[in-house]
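Right, one structure below, let's go through it.
The values are calculated or read from the model by the stated rules, or taken from the named source; none is laboratory data. None of these values were measured; they are calculated from a predicted model. When we count neighbours, we look across all protein chains shown, and the Cβ atoms used for this are built from the backbone with ideal geometry, even at glycine. Calculation scope for accessible area: heavy atoms of the full protein, side chains included, ligands and nucleic acids excluded. Shrake-Rupley method; radii C 1.70, N 1.55, O 1.52, S 1.80 Å.
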Amino acid sequence: ACLEYLYQQELPEGVSFEVFLVDDDSTDDTAESVQTQFPDVHLLQGDGNLFWCGGMRLAWQEANKHDPDHYLWLNDDTMLTQDALQNMLKAYADGIAKDSEDCIIVGTTKAPQGDNATYGGVVNRQRLASLGYQLIGPVEKPQRCDTMNGNCVLVPSSIAETVGNLSAEFTHGMADYDYGLRAQKAGYDVMVAPGFVGTCSRNSSKG
């Protein structure tokens, strides 16, 4: 379903994308279904121990060989609106047009039912608490944040060349927060795109 929504994107003229998908040794027919329905997808195989960070690192390493202008992180439970990429690319252009040397763009997702924000850019409301981050929700115009959830994130290649890949120090959670903080430390802005870019249910933190 995620791929179906992705391939329905209304892209700006001259923009195209390639998909790098990690199948981390799934036990159903995910890989076969993807190969049948989306033969252009670059399907990468894991050993079942990659989890989020390892899977994203593997996909990023492979995508890097194709020398893109941007990298889009996209979780498989995120269903994009048709104008999501167009919205994020415009937010990127707007951010550069202001005073940002370069910037990462974060998309805000909402619950499938209602307009409650589920993932996106976060800010540290409690400066004395290292993990006191709060989701800022949908915004009307591009807005700076401190770091982000990694469900839908646009990273320009120029920042990737400086900051690098996701850290191998993390297995699953916190790698996205870490990347945003590393980018900020390197002098880049992390900005939230206007509105919602799609839906994604909030996962339970249990376990």
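Per DSSP helix of 4 or more residues, -39500 (n - 2.57); summed, then divided by the residues of the chain. What does that give at 222 nm, rounded to the nearest 500?
Rounded to the nearest 500, it is -8500 deg cm²/dmol.
Can you give the local net charge around ASP76? Use residues other than it whose beta-carbon is closer than 12 angstrom to its beta-carbon, Lys and Arg +1, Asp and Glu -1. Present the calculation step by step, with values, prior to reporting the outcome.
Working: positive: none; negative: GLU4, ASP23, ASP24, ASP77.
Result for the neighbourhood of ASP76: -4.
Taking one equal scatterer on every alpha-carbon of the range 38-153, how large is log10 of I(q)/I(0) by Debye at q = 0.15, 0.18, 0.20 1/Å?
-0.83, -1.14, -1.30
Please count, across the range 35-185, the pairs of lysine residues with Cα atoms under 23 Å apart that sit 8 or more places apart or on different chains.
The result is 6.
So for the pair SER204, ASP25, with labels modelled 7 Å out along Cα→Cβ, what separation do we get in nm?
Those two pseudo-labels are separated by 2.5 nm.
Kindly report, to the nearest 10 Å², the accessible surface of HIS42 as traced by a 1.4 Å probe over protein heavy atoms only.
Probe radius 1.4 Å; accessible area of HIS42 about 50 Å².
Would you mind checking the tilt of helix 84-97 against the longest principal axis of the Cα atoms of the chain, expressed as 0 to 90 degrees and rounded to 10?
For helix 84-97, the angle is close to 40 degrees.
On the full set of protein chains, 1.4 Å probe, figure out the accessible area of LYS90 and give it in Å² to the nearest 10.
120
Go from 0 up to the bin containing the longest alpha carbon distance in the range 22-100, width 5 Å each, and give me the % of pairs per bin.
Taking every Cα pair in the range 22-100, the percentages come to 3, 12, 17, 21, 21, 13, 7, 4, 2, 0.
Given the chain, report the % of alpha carbon pairs whose separation exceeds 28 Å. Mind showing how you got there, number by number?
On the way: 4871 of 21321 pairs.
Result: 23 percent of Cα pairs exceed 28 Å.
Not counting ligands, DNA or RNA, and with a 1.4 Å probe, what is CYS145's accessible surface area in Å² rounded to the nearest 10?
10
Remind me, relative contact order of the range 81-207 in percent, using alpha carbon pairs under 8 angstrom and six or more residues apart?
Working: 245 pairs, mean separation 46.8, N = 127.
Once divided by the residue count of the range 81-207, the mean separation gives 37 percent.
How many percent of DSSP beta bridges within the chain run antiparallel, rounded to 5?
Values: 19 of 29 bridges.
Percent antiparallel among DSSP bridges in the chain is about 65.
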